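These notes are about the structure you will find just below.
Just so it is clear, none of the values below were taken in a lab; they were calculated from the coordinates. Since the structure is predicted, the reported quantities are computational estimates derived from the model, not experimental observations. Neighbour counts run over all protein chains shown; Cβ positions are idealised from the backbone, glycine included.
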């Protein structure tokens, strides 16, 4: 029984992290933060998946004689968030992103192979591209300015 429980325990962890990453990506891409008519429904869908996986994970943790306190706390945190959504609370994109990152960080602390926060990729590359385009445009504009000034236009 323990081997089977361990298999499902790991399965739940992977599903939780996958859905948290997907929820974060949805939050980043949102134009309208509306949980009923807007893109917020996708965010909620992933949180509901996480909620279900956490419930199963708690059960498997108990069977494996592992502590489930972290998972119970995170489940309660998600339940509180869902209660706020149902009561009409408004959130910013940043708040939504930070919410799933906080949960993900807690899960990753206990599951080192999935520590995505250790990723050293250059996430700022899109911003660097924009900066480079801006600087190139500024440089081009200044060059034209000095050329026109030099020839008297």
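Fewest to most neighbouring Cβ within 10 Å: what's the order for 43, 145?
145, 43
Label residue 131 and residue 56 with points 7 Å out from Cα along Cα→Cβ: what is the distance between them in nm?
Inter-label distance under the simple model: 4.3 nm.
Top mean-square fluctuation among 63, 23, 115, Gaussian network model of the chain, C-alpha springs under 10 Å?
The residue with the greatest mean-square fluctuation here is 63.
Neighbour counts of other C-beta atoms within 10 Å: give me 9, 71 arranged from fewest to most.
Fewest-to-most ranking of 9, 71: 9, 71.
Which FRET efficiency, nearest 0.05, do residue 93 and residue 140 yield, Cβ-Cβ r, R0 41 Å?
0.80
Relative contact order, percent, of the chain when contacts are C-alpha pairs under 8 Å separated by at least 6 residues?
Relative CO of the chain lands at 24 percent.
I want to verify a result. In a Gaussian network model of the chain, Cα cutoff 10 Å, which of these has the top mean-square fluctuation: 140, 91, 81?
140
Roughly how tilted is helix 125-151, in degrees to the nearest 10 and between 0 and 90, from the longest Cα axis of the chain?
10
Mind jotting down the three principal axis lengths of the chain based on Cα atoms? Whole angstrom, largest first.
86, 37, 19
Compute the helix-to-body angle for 69-86: its Cα long axis versus the longest principal axis of the chain, expressed 0 to 90° and rounded to tens.
Computed tilt is about 60 degrees.
Give me 50, 85 ranked fewest to most by other Cβ atoms within 10 Å of their Cβ, as a rough exposure proxy.
85, 50
So what's Rg/Rh here for the stretch 1-61, counting alpha carbon atoms and using the Kirkwood radius for Rh?
That ratio is 1.14, to two decimals.
Please find the FRET efficiency linking residue 150 to residue 32, where r is the Cβ-Cβ separation and R0 is fixed at 41 Å, and quote it to the nearest 0.05.
Efficiency at R0 = 41 Å is approximately 0.25.
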